[in-house]
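Right, one structure below, let's go through it.
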Amino acid sequence: MPDRDDLKCLIGKEKLETPSTFSFPFTPYGIQHDFMTELYSAIEGKKLGIFESPTGTGKTLSIICGAVRWLLDHENREERQLKLALESLTMKNEETNNDDDDDDWITGQAKLVEQQHKIYEINKMLKSLEEFNNNIEKIKKEQEFKKNKVKSLVTKTLNQNNYIEIEKDKDIFDEETEFLLEDYDQLSSVDDFEEISDEKVQYEGVKIYFCSRTHSQLSQFVAELKKSPYSTSRVIPLASRQNYCINKTVKSLKNITLMNERCLEMGKNKPSQKPTKVSSVGSVIKKKKSETLCKCLYNDKDKIQSLAEEVTTELRDVEELVNRGDQTCTCPYYASRESIKYAQIITLPYNTLLHKSTREASGIRLEGNVFIIDEAHNLLDTIGHIHSSQVNGQQLTYSYSQLIQYKNKFELRFSANNLLHLNQLIYVIGKLIKMLGGTPGVSHTETSQIKAESKVYTLENFVHQAEIDHLNMFTLVNFFKRSKIGQKIRGYSEKYMPSVSLQPIKPKLSNLQIFLKEIETKKNNKGKELKKDENKHIEPQVTDIISNNPLTPVMAFIESLTNCCEDGRIISTIHPSVGKGIFKFLLLNPAVHFKEIVDKARSVIVSGGTMEPISEFKDQLFNFNGDNSDRIVHFSCGHVVPPDHILPLIICSGPTGKQLDFSYQERTSIKMLNEIGSLLENICRIVPAGIVCFFPSYDYEQLVYQHLEKIKVINRLSERKKVFREPKSTNQVDEVLKNYSQAVTKTLTTNSKVTGALLFSVIGGKLSEGLNFSDDLGRCVIVIGLPYPNIKSLELQQKMNYLDSHMGQGTGQQHYENLCMKAVNQSIGRSVRHQQDYAAVLLLDHRYQRDNVCNALPKWLQPSLKVHSKFGSAFAQLNKFFTGKKKLQH
């Protein structure tokens, strides 16, 4: 079937006019209507859009109603254009047949053949479109019929012993064949997604991919979609196996790489090498050649197709789809991927979109589709993080040892090509170990033969220094992926190598003794190290490294060496112990990995509450090569909250008159710590309900809390507000938020002296993004200091130097400033979430009054911003603000 470019050539162009009104759950605010209008126009014009809409302005609903309206209009246009083009060409064909005036018979026949070919192609496209629409209608009717059945469906229960029995049978046959490499010469490029779906749908239509940072944010999008006029849209949520897998055996692996490998193993047919074998009790066991070993009982093609059709007609988020998969004993992961062909809207975490191999494995097609990336304020940093990599000496030494033992075991059974590439891989890893001052095949506890230092390499210099510049890294990466050597070695290691065999250092011990001694030493030292320094990195135990497959990070680093030399740097950190040495690849040009999306997609929209600085998206993401300037559009709107509902204050000095300077050099002084205590005590006396106080880092928050606790300020604060602290552990966040919310609500409904709660949080931490402190949960947001990153960081210095040399002098310094202000703006955005909400925002540091800092604050905040050089005047204005709000409530 012709692609969409061929379609335009055949049927011409028809531009959609931007509608004057949009379907909306209620009468939209002016800024919401403007947002939908600009979004519709941007998608129709195939633009690269940067959309800013402060949190609380109904951004998600505006995206839905603007984008889906365009999609429905486009689908109608596509069908209408095909029919009109077919009618027009048919008439021309008849005229050509009746035209006897053409003296050149050959020219006439050529025109006729060309027109007939166009008619044939359009007929084929139209037929494909009609078949697709009929198929969708058929699915809807079938699902409606199933719902109306009176009899209940009996869910088939799984026989828990089936999997165990198949596992046991596995030992009956050639145990070692499964560990052999896939034949590198004869591999096809077909992935596991294509294997599960034999039926190819010719027409899929334009799709909207909605991407956000987390699955909880995507669930919020689905919830908003359910409330919108477009709740009947065909929406498919994509996620990883880690989110979707319902097989307890696979899910227990927890590590995403191991889960992927085990799932693929269980989903493929493995022919036995021996048709018969005598069991231990003497009976002959027979096995069919195509019998599947360890077959996942949830991976049933018919049931997956059925669930895919069901998902098409009923709006579900990831959690709801998992529950439905449990009920029907069907794999939600493959069902979601199977249903992509039916979808109009697909939701996915933007990591899935940004990583090419993950994107391709998920069946995401870029050509002609629309991509909307929400919460995109950190998009550049995210791309850089995804495509950067790190490997340490311990992982290199274990990988080297595993590969050597694996090769020695199966060397005579490998093809010449596989053996060649395996030797090359061993050679490269050996050279990397030498660069860390180690000896290949020797324990990671070996003392490095090179002086401890940190050094920066270009990619070209690094491969030359490592003496691997004569090898093709692209070939090695391809070999790793297609031979499946990672999962083969993991399986072999788990079965035959419970400990890694390495040459010991003095004193000479057996391999088993080394292994046991390492575990004992780390077990004894673990508690002491934690007490000594809770932030100190504790080396993982040997068994953890083996189970997580050390070859995976090694290959990720080798793949990084395939980047363009100008786009990245290698930071080498030599440590006295070889195992603690580190190689880190730093991606300096995120645009190179986003370019394919920009070039192939119909339209790319990035949106967020605060997208400043816009220049980063324009110059470093969309227009890095200068060829997309005419496609870029920018839309920004104000807040729905009235100006008198927000009180942003810059406070330059504390209650004692000391200037507030929370720079790295000054913030740890006793006077500054005391000033924070006095500020909080004063603020807690007049601010009702909840207060969220953001600190520059976890270490500084801990320092402040310990000092305030020591001088009894925490005790005095607790008499007015219940004090909570942001946990470092992610799994404790929900509990802290729940207790904080309950404390705020409880104190407001009782006559207690305690009038709310105070939450200590961290800028850029777990509570600074994606969470809402609306109404009483966030009547005041305090931001202490400016969280500038460490200017001495090698990574930051390389990034700044790269920007200065490629984007112009001063761009690096601007990037440094932007890193700080983007984090501050996210913290500010946690408050004031809707039109009736109100809150104060206190920025504590004299540096906030600088022009470059003020200008980097959210645009909607700036008109109300006030600067106070003295605390007294700021306190008076703060008191007046909340007194006025209290009177209005009564």
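Scanning segment 451-467 for residues that are open to solvent by 80 Å² or more (accessible area, probe 1.4 Å), without any contact (Cβ under 8 Å) to a residue 40 or more places away in the chain and in a loop (DSSP other than H, G, I, E, B) yields one hit, Glu467.
Scanning segment 405-440 for residues that are open to solvent by 20 Å² or more (accessible area, probe 1.4 Å) and either outside the structural domain of Ser483 (by the TED database) or not in a helix (DSSP H, G or I) (or both) returns Phe414, Ser415, Thr439, Pro440. Among what's in segment 354-398 and is over 17 Å from the mean Cα position of the chain (by Cα) and assigned to a helix (DSSP H, G or I), pick the residue that is farthest from Ser572 (Cα to Cα). Selected residue: Tyr398. With respect to Arg80, is the statement that it is of a type in the set (D, E, K, R), in a helix (DSSP H, G or I) and modelled with pLDDT of 95 or more true? It is false that Arg80 is of a type in the set (D, E, K, R), in a helix (DSSP H, G or I) and modelled with pLDDT of 95 or more.
Residues considered: Leu803, Leu842. Of these, the only one that is surrounded by 14 or more Cβ atoms within 10 Å (Cβ to Cβ) and either more than 28 Å from Leu771 (Cβ to Cβ) or hydroxyl-bearing (Ser, Thr, Tyr) (or both) is Leu803. Do we have Thr96 as among the β-branched types (Val, Ile, Thr), more than 23 Å from Lys859 (Cβ to Cβ), out of contact with any strand residue (DSSP E or B) (no Cβ under 7 Å at 6 or more places or on another chain) and at pLDDT below 85 here? Taking the combined requirement at face value, the residue satisfies it. Candidates Gln305, Gln327: the one that is assigned by the TED database to the domain that holds Val250, open to solvent by 20 Å² or more (accessible area, probe 1.4 Å) and either part of a loop (DSSP other than H, G, I, E, B) or out of contact with any Asp or Glu (no Cβ under 8 Å at 6 or more places or on another chain) (or both) is Gln327.
Scan segment 722-735 and give yes if some residue there is closer than 15 Å to Asp776 by Cα, assigned by the TED database to the domain that holds Lys822 and in contact (Cβ under 8 Å) with a residue 24 or more places away in the chain, otherwise no.
Keep residues of segment 722-735 that are closer than 15 Å to Asp776 by Cα, which gives 722.
Going one step further and asking which of them are assigned by the TED database to the domain that holds Lys822, we end up with 722.
Filter once more, so that each one left must be in contact (Cβ under 8 Å) with a residue 24 or more places away in the chain: 722.
So far as segment 722-735 goes, yes, one or more of its residues are closer than 15 Å to Asp776 by Cα, assigned by the TED database to the domain that holds Lys822 and in contact (Cβ under 8 Å) with a residue 24 or more places away in the chain.
Contact annotation: residue pairs with Cβ atoms under 7 Å, 6 or more positions apart or on different chains, pairing a residue in segment 123-149 that is in a helix (DSSP H, G or I) with a partner that is open to solvent by less than 50 Å² (accessible area, probe 1.4 Å) and at pLDDT below 80, are Asn123/Leu86; Met125/Pro2; Met125/Leu7; Leu126/Leu86; Ser128/Tyr203; Leu129/Tyr203; Phe132/Val201; Phe132/Tyr203.
Would you confirm whether or not segment 252-275 contains a residue that is part of a strand (DSSP E or B) and at pLDDT below 50? No: zero hits. Flag: Phe585 matches the condition of being assigned to a strand (DSSP E or B), on the phi < 0 side of the Ramachandran plot and at pLDDT 90 or above.
Restricting attention to segment 599-619 and to residues that are polar (S, T, N, Q) and modelled with pLDDT under 90, the residue that is nearest to Met807 (Cα to Cα) turns out to be Ser615. Which one of these does Leu476 not meet: (1) over 21 Å from Ile404 (Cα atoms); (2) among the aliphatic types (A, V, I, L, M); (3) surrounded by 14 or more Cβ atoms within 10 Å (Cβ to Cβ)? Against the list (1) over 21 Å from Ile404 (Cα atoms); (2) among the aliphatic types (A, V, I, L, M); (3) surrounded by 14 or more Cβ atoms within 10 Å (Cβ to Cβ), Leu476 comes up short only on (1).
The values are calculated or read from the model by the stated rules, or taken from the named source; none is laboratory data. The shown structure was predicted, so the numbers you read here are calculated from the model rather than taken from an experiment. A quick note on method: Cβ atoms are made from the backbone with ideal geometry, for glycine too, and the neighbour counts reach across all protein chains shown. Only protein heavy atoms, including side chains, enter the accessible area calculation; ligands, DNA and RNA are left aside. Shrake-Rupley method; radii C 1.70, N 1.55, O 1.52, S 1.80 Å.
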